[in-house]
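Step one of this worksheet: look at the structure below.
The values are calculated or read from the model by the stated rules, or taken from the named source; none is laboratory data. Since this is a predicted model, take the numbers as computed values, not measurements. All Cβ positions, even for glycine, are placed from backbone atoms using ideal geometry, and neighbour counts span all protein chains on display.
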Amino acid sequence: MTEATFLDSNEILINMGPQHPATHGVLRVKLKLDGEKVVGSECVIGYLHRGVEKIAENRTYQQFAPYVDRLDYVAAVTNGMGYVEAVEKLLGVEVPARAQFTRMIVAELQRIASHLVWLGTHALDLGAMTPVFYTFREREEILNIFEKYCGARLTTHAFRIGGLQYDLYDGFETDVRKFCDYFPPKVDEYERLLTTNRIWMERTKGVGFLSAEDAIALGVTGPVLRGSGVKWDIRKAQPYEAYSQVDFEVPIGEHGDTYDRYLVRMQEMRQSIRIIRQSLEKLAPGPIFGKVAKVIKPPVGEVYHSIEAPKGELGYYIVSDGSTNPYRVRVRPPSFVNLQAFDRMIYGRLVADVVAVIGTIDIVLGEVDR
Amino acid sequence: MADETKPPSPVGPTETPTKPPAAGGGATTPPAKSAAKAPATPEPWSSAQLDQLNRRLPGAVSEATIFRGMPTLWVAKDFLFAVCELLKNDEGGAYTLLTDETAVDYPKREKRFEIIYHLYSFKRNDRLRLKVAVGEDEKVPSLVSVWPTANWLEREVYDMFGVQYEGHPDLKRILMPDGWVGYPLRKDYDILRQDEAWVQANLKIKSAQ
């Protein structure tokens, strides 16, 4: 980073955040600039650190479940799903089919909702004002379904260790089917606004390039990894719940730039609709709760379980000492690990691309800082 | 080195400093009704890949177990770097992705920290867990040169547990403030504890509780 600077001017160091509308929360980035070119960056995180892993050691397994919703708070359902599955794996419990398909439907709705937040804010950061109004309109429909299902819209605590707290409400299937018919034309609408939009392409094509090798070396997962052309999705590679019983594709990008990651996420929303449709077909009446005791005391041991959260691999590593409280819970957050690639992606680009790259990684600071 | 590095129990804590009820018989008491299907304790694990590893680096892996479908290898600290390089570059199915690195604190053990690595191989589509036992004053070899993603993960382990790494390019706190004293995820760090001097100097309040 000590190469000669443009016109022999001095490098300047500027600070972005933690209070900045385009850092999606309280991310602070120190940028080293040579003119308009970024020649170094450092992310300063931790402003939202709440010590969730410490809290876990002082709560029972069930008591800790609502806390994980507060990590990635725009995708609370998938956070909760990862946690309850990890505990179920530790217990060796099978979840009934109805609960599995319900979880998949709700989780895929959540994936769409999370991608909608990403799309709206990402586009807003890059100067496209309209999409955010459209995406939040559709997200509202999803949140309404969540609200009818479990009473909460954002931090849902939708699932329980062993299955579901509630069976589906009357009319759930109709609501979801209606959404499945309503939503794909809306994705077309977003694509009409952006995919071939010249400004959008100028701002995203070739920006934030990340090669497949770099992505793997930096531990990047989720749509960012797939945007770099690696066809890897935990729902396919190591299926959990009943993902092996549904048919869907894993979209990948070719160039590893911001535009490709955009296309990947747009395709993922369409694939989620496919998964939801198939899950609705397979949803049969039946029990919704597995054999789990009221007091959860897992055997001594440890388990690592990860799921494909909207932002990447969300893993939970739980160590049990045989008591009612976990001995250690480690959350492997996708945002935290993916954010590490920021420096690689922005190096040598213009300062205006910083917001594009932050947006394309799709971070949520609640999850980065825990 | 192999046998001394191994803590008393291969997997999971047998001594439970904070929770007395389950101490001692935790492993043998069937918890709830759930243990019927899956085995309640880790079982020994063997595979062609492990044999190969043992052939190339004899004495590096002191114990291999499997629990809930995930194999765990206990690696001697001195061999850690060599084992990781080998696993990453193994042609049969390289573990190119370091999914996670973290630590667990067992204050009563002679070597109080367990450093845990979760690896993933795209070729083999499987996961592997490595474990290293480390004492409080020992340094762990940094794996940043093997998997660059270890950079932030190791900083977090240092931040939360105070584990020192050798060869890390920029070992400093990541989630806690730079001047904070204490390592929050250690078991002897109470949940209500805070660095009062830091809080008073930086937040200008008496206590953050």
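Values computed for the structure shown
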| read-out | value |
| --- | --- |
| Of all residues in the range A:7-40 being under 27 Å from the mean Cα position of the chain (by Cα) and charged (D, E, K, R), the one that is surrounded by the fewest Cβ atoms within 10 Å (Cβ to Cβ) | A:LYS30 |
| Residue count, the range A:279-297 (criterion: surrounded by fewer than 19 Cβ atoms within 10 Å (Cβ to Cβ) and either part of a helix (DSSP H, G or I) or free of Cβ contacts under 8 Å to residues at least 24 places away in the same chain (or both)) | 5 |
| Residue check, A:ALA22 of a type in the set (A, V, I, L, M), in contact with an Asp or Glu (Cβ under 6 Å, 6 or more places away or on another chain) and either modelled with pLDDT under 80 or closer than 12 Å to A:VAL354 by Cα (or both) | yes |
| Near pairs, Cβ below 9 angstrom, 6+ apart or cross-chain, from the range B:39-60 (at pLDDT below 75) to any residue that is exposed (fewer than 13 other Cβ atoms within 10 Å of the Cβ) and of a type in the set (Val, Ile, Thr) | B:ALA40/B:THR28 |
| Among residues of the range B:180-200, those that are over 29 Å from the mean Cα position of the chain (by Cα) and free of Cβ contacts under 8 Å to residues at least 12 places away in the same chain, counted | 3 |
| Some residue of the range B:25-33 being more than 30 Å from A:ARG59 (Cα to Cα), surrounded by 13 or more Cβ atoms within 10 Å (Cβ to Cβ) and modelled with pLDDT under 75 | no |
| Contacts under 9 angstrom Cβ, first residue in the range A:126-143 being touching a residue at least 60 places away in the same chain (Cβ under 8 Å), partner surrounded by fewer than 18 Cβ atoms within 10 Å (Cβ to Cβ) and in a helix (DSSP H, G or I), 6 or more apart | A:LEU126/A:ILE199; A:GLY127/A:ILE199; A:ALA128/A:LEU193; A:ALA128/A:ILE199; A:THR130/A:LEU193; A:PRO131/A:LEU193 |
| In the range B:113-134, residue nearest to A:GLY301 (Cα to Cα) [restricted to those that are surrounded by fewer than 19 Cβ atoms within 10 Å (Cβ to Cβ) and more than 9 Å from every other protein chain (Cβ to nearest Cβ)] | B:ARG124 |
| Some residue of the range A:38-57 being under 26 Å from B:ALA40 (Cβ atoms) and not acidic (Asp, Glu) | yes |
| Cross-chain or 6+ apart pairs with Cβ under 8 Å, the range A:34-55 first and free of Cβ contacts under 8 Å to residues at least 60 places away in the same chain, then β-branched (Val, Ile, Thr) and buried (at least 18 other Cβ atoms within 10 Å of the Cβ) | A:VAL44/A:VAL29 |
| The listed residue being within 11 Å of chain A (Cβ to nearest Cβ), touching a residue at least 12 places away in the same chain (Cβ under 8 Å) and farther than 21 Å from A:GLU302 by Cβ, out of B:THR96, B:THR65, B:THR72, B:THR102 | B:THR96 |
| Qualifying residue in the range A:226-245 (condition: of a type in the set (S, T, N, Q), part of a helix (DSSP H, G or I), in contact with a Ser or Thr (Cβ under 6 Å, 6 or more places away or on another chain) and more than 14 Å from chain B (Cβ to nearest Cβ)) | no |
| Members of the range B:135-151 that are in contact with a Leu (Cβ under 8 Å, 6 or more places away or on another chain), facing another protein chain (nearest Cβ under 10 Å) and not aliphatic (A, V, I, L, M) | B:TRP147, B:PRO148, B:THR149 |
| Enumeration of residues in the range A:209-222 that are among the hydroxyl-bearing types (Ser, Thr, Tyr) and touching a helix residue (DSSP H, G or I) at 6+ places or on another chain (Cβ under 8 Å) | A:THR221 |
| Residue that is farthest from the other protein chains (Cβ to nearest Cβ) [pool: residues in the range B:192-209 that are part of a loop (DSSP other than H, G, I, E, B) and surrounded by fewer than 11 Cβ atoms within 10 Å (Cβ to Cβ)] | B:LYS206 |
| A:PHE172 surrounded by fewer than 20 Cβ atoms within 10 Å (Cβ to Cβ) and among the hydrophobic types (A, V, I, L, M, F, W, C) | yes |
| Verdict on A:GLY82 being surrounded by 17 or more Cβ atoms within 10 Å (Cβ to Cβ), touching a residue at least 24 places away in the same chain (Cβ under 8 Å) and within 25 Å of A:LEU124 (Cα to Cα) | no |
| Candidates A:ARG111, A:ARG98 - the one that is within 30 Å of A:PRO287 (Cβ to Cβ) and surrounded by fewer than 21 Cβ atoms within 10 Å (Cβ to Cβ) | A:ARG98 |
| Complete set of residues in the range A:213-224 that are over 18 Å from A:GLU268 (Cβ atoms) and part of a helix (DSSP H, G or I) | A:GLU213, A:ASP214, A:ILE216, A:ALA217 |
| Any chance A:VAL250 is in contact with a Gly (Cβ under 7 Å, 6 or more places away or on another chain) and at negative phi | no |
